[in-house]
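The values are calculated or read from the model by the stated rules, or taken from the named source; none is laboratory data. Predicted, not measured: the structure shown is a model, and the values here were computed from it. Note: ideal-geometry Cβ built from the backbone for every residue, glycine included; neighbour counts use all protein chains shown. Side chains are part of the model used for accessible areas, which takes the heavy atoms of the whole protein and leaves out ligands, DNA and RNA. Shrake-Rupley method; radii C 1.70, N 1.55, O 1.52, S 1.80 Å.
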Amino acid sequence: MTALLTADRLVKRFGGLIATDNVSIDVADGEIHALIGPNGAGKTTLVGQLTGNLAPDSGTIRFAGRDVTHLPTHARVRLGLGRSFQITSVLREFSALDNVALALQAHDGHSFRFLADVRRDRARRAKAQAGLDAVGLGARATTPAAALSHGEQRQLEIAMAMAGEPKLLLLDEPMAGMGAEESQRMVETLRGLKSRCGMLLIEHDMDAVFALADRITVLVYGRALFCGTPDEIRRHPEVRQAYLGEDGA
Amino acid sequence: MIERLKQPRAIVTALLLVLLAVLPLLTQAFDQRYLLSVGTRIVIWSIAAVSLNMILGYGGLVSFGHAAFFGIGGYAVGILSAEGIQSGWIQWPVALAVSIAWATLVGALSLRTRGVYFIMITLAFAQLVYYLASGLEGYGGDDGLNISRSRFGIIDLRDKAQFYWLCFALLCGTLWFCGRLAHSRFGYVLRGAKSNELRMTALGFPVFQVRLVACIIAGAFGGLAGILLANEGAYVSPAMMSWVKSGDLIVIVVLGGIGVRFGPLYGAVVFFALEELLKPFLDLLHKGWGEYWQLAFGPLLVIVALYARGGMASLLRARE
Ligand SMILES: Nc1ncnc2c1ncn2[C@@H]1O[C@H](COP(=O)(O)OP(=O)(O)OP(=O)(O)O)[C@@H](O)[C@H]1O
Ligand SMILES: [Mg+2]
């Protein structure tokens, strides 16, 4: 497996606090790499540096064979780095289908067209519908996003992130605030998308992590404590004590 | 199409458009020439209101300075006319170009702000033009300027009916264009940015540029309405672009239904119909009260805000 994304010895300080302390992590093509750790461990901060929202103090980030450490977010998105947000952020007044259609439009880039009616654009609709089908929202196409359940909105977010045909998807707590049933659906969705892109998955739901991850990195106080397969993580005494023990998982 | 015609709103819209299309024939048949001039004003104001509805309704950009374009379009025609250039083929393109330039300037500066600041800065720019026009002593200053109507050769703007039909045709064009725009790729970005600007930016859309282009298009149509207003009365004055007129335009858009395709048309019809009916009625009750006909809008707007958020248009929606 070739590494799609490689972060090498990233450091990020907030004043005196070292939120990212010499972290190296890589994600391979088609792999789901989970990032776990207690609250405040620095997971979101790490993802922020990968997306380009935060600049690391030192270290390098390579993506798809290029050094992207100093590229702005939109340039990374264009290279195939997609993300979903920790806070749900969909266009509430638009139908589920239109949300995905707009994400598709953002990707193809033709926004200064004034007369052609997008509702008659069959190819666009079909593509958006396929995107919804892929996350199990096919039947909800015409429902306004505001009327979708929380879980469905998160599924919709994934569909929007997938519209850009990312090579790698960064998912910050996609199951946050979901019930058991919704979490299960999200697990199915992500498993279904695995063949299409690699994923870096931040998640507190351990059942979901163990169900999905090929590898797991444990982050504690900004440091990568351990990286291994789910089985190795389960057996690792230090990890059990430092993280799994604490959380009682 | 057939389906859509079953909705009350579509029926009312169709009837209204037919009525407007044949208005000169009716006013001539019943010898009500004054009604034609009211109709002309309704049509011209509708053009401006439709364009305001595009940025306000679809874009969520509350411009409190849209009447500035009445003045800019109007004065461009007026000043050229005063300088002896009567040809509409020159006057109108120049007036549109000036409107577009002004919209670009105001948009580029005001779109850096949001919410109340946007409202204030658009108002401030409009006031600037207002005082500028008042200060143009060479062109009538506060008193305004009598002009002669644009010459085109093919049509005679002095003929009330011909002029009305020209305005009506331009309104139809405006309605068509803004209606198409709402469902175009451009329109979706404009509406998406109203719904969730941060998300649209994160998706990579050039939100600022899209809004700027929308402001420029709206400014061009606003300027067109100004050109027509100047030709309607053969007169321009600073009063065309007082902040009260900008407020009236917002009232028309809100009354008709924000973000509804034909909403501004309903709004303009109701607005001017109320003016024409209430004024004489109030004057009948007590001489001089007619001046205050706009007071009636207070309660009306409260009712719209409380019970009919979608404006008149929502009252006409089909009930399942
Ligand atoms: N912009 C910032 N300025 C200062 N400190 C910050 C900033 N962002 C994060 N931090 C701090 O950095 C640390 C790591 O935060 P981060 O949000 O990355 O944790 P996390 O692992 O995502 O936590 P959670 O599981 O709660 O989402 C925390 O102590 C946080 O308070
Ligand atoms: Mg976090």
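Quick one, could you list the DSSP H helices from chain B stretching 27 Å or more along their long axis (Cα atoms) with average Kyte-Doolittle hydropathy of 0.0 or above?
Counting only whole DSSP H runs, the qualifying helices are B:33-53, B:88-110, B:115-134, B:160-182, B:207-233, B:263-285.
Ballpark to the nearest 100 Å², how much total accessible area do B and A bury together, probe 1.4 Å?
It comes to approximately 2400 Å² buried between B and A.
I'd like the orientation of helix A:96-108 relative to chain A: the angle between its Cα long axis and the longest Cα principal axis, in ° from 0 to 90, rounded to 10.
Computed tilt is about 80 degrees.
Using label points projected 7 Å from each Cα along Cα→Cβ, tell me how many nm separate B:Leu105 and A:Asp133, to one decimal.
5.5 nm
For A:90-101, what's the mean count of beta carbons from other chains sitting within 10 Å of each residue's beta carbon?
Mean partner shielding for this stretch: 3.
In segment B:1-76, what trypsin sites (Lys or Arg not before Pro) fall in a loop by DSSP, with at most 10 other Cβ atoms inside 10 Å? Working shown, then result.
Values: sites: B:Arg4, B:Lys6, B:Arg9, B:Arg33, B:Arg41; in loops: B:Lys6.
Here the trypsin sites (Lys or Arg not before Pro) that fit, given the DSSP loop and packing criteria, are B:Lys6.
Would you calculate the separation in nanometres between label points at B:Ala124 and A:Arg191, each defined as 7 Å from the Cα along the Cα-to-beta-carbon direction?
5.9 nm
On a 0 to 90 degree scale, rounded to 10, what angle separates helix A:122-134 from the longest Cα axis of chain A?
Orientation of helix A:122-134: about 40 degrees from the principal axis.
Where is the GNM fluctuation largest for chain B (alpha-carbon springs, 10 angstrom cutoff): B:Glu275, B:Glu232, B:Glu291?
Largest GNM mean-square fluctuation: B:Glu291.
Put a dot 7 Å past each Cα toward the Cβ at A:Phe114 and B:Leu35; how far apart are the dots in nm?
3.6 nm
Choose one answer from A:Arg120, A:Arg66, A:Arg83: the residue with the largest mean-square fluctuation in a GNM of chain A with alpha-carbon springs under 10 Å.
Comparing A:Arg120, A:Arg66, A:Arg83 in the GNM, the peak value goes to A:Arg120.
Going by a ≥ b ≥ c, the root eigenvalues of the Cα gyration tensor, does segment B:2-315 fall in the rounded group (a/c under 1.5), the prolate group (a/b larger than b/c) or the oblate group?
In terms of gyration-tensor shape, rounded.
Take the residue pairs A:Lys43/A:Lys127; A:Lys43/B:Lys194; A:Lys127/B:Lys194; B:Lys160/B:Lys287; A:Lys167/A:Lys194 and return only those whose Cα atoms are more than 21 Å apart. Display every interim value, and only then the final one.
Values: A:Lys43/A:Lys127 33 Å; A:Lys43/B:Lys194 31 Å; A:Lys127/B:Lys194 24 Å; B:Lys160/B:Lys287 31 Å; A:Lys167/A:Lys194 10 Å.
Long pairs (Cα-Cα over 21 Å): A:Lys43/A:Lys127; A:Lys43/B:Lys194; A:Lys127/B:Lys194; B:Lys160/B:Lys287.
Which of B:Gly192, B:Gly115, B:Gly107 ends up with the largest GNM mean-square fluctuation for chain B, with Cα atoms connected below 10 Å?
B:Gly115
Mind checking the full-extension length gain between A:Ser149 and A:Asn53? Use 0.36 nm per residue of separation minus the Cα-Cα distance, one decimal, nm. Walk me through the numbers before you get to the answer.
Values: separation 96, 0.36 × 96 = 34.56 nm, distance 2.85 nm.
In short, 31.7 nm is gained.
Compute the label zone of B:Ala234 within segment B:154-171: residues whose backbone N is under 16 Å from the point 7 Å along Cα-to-Cβ.
B:156-164
What's the average, rounded to a whole number, of partner chain beta-carbon atoms within 10 Å of each residue's beta-carbon in B:175-187? If you can, show how the numbers build up before the last one.
Details: counts 0, 1, 2, 1, 1, 4, 3, 1, 6, 8, 15, 8, 6.
Mean shielding by partner chains, rounded to a whole number: 4.
Can you show me the helix-derived [θ] at 222 nm for chain A, built from DSSP H runs with n ≥ 4 at -39,500 (n - 2.57) apiece and divided by the number of residues, rounded to the nearest 500. Let's see the in-between values first.
Details: 8 runs with 83 residues, N = 249.
Estimated from H runs of four or more residues: -10000 deg cm²/dmol.
Once amide H atoms are placed 1.01 Å from N in the peptide plane, what residues at a sequence separation of 5 or more from A:Ile32, or on another chain, have their amide H within under 5 Å of its amide H?
For A:Ile32, whose amide H was placed from the backbone, the distant partners under 5 Å are A:Met199, A:Asp214, A:Arg215.
Please sort A:178-187, A:200-209, B:247-256 by packing, taking for each peptide the average over its residues of neighbouring beta carbons within 10 angstrom, highest first.
Result, highest mean first: B:247-256, A:200-209, A:178-187.
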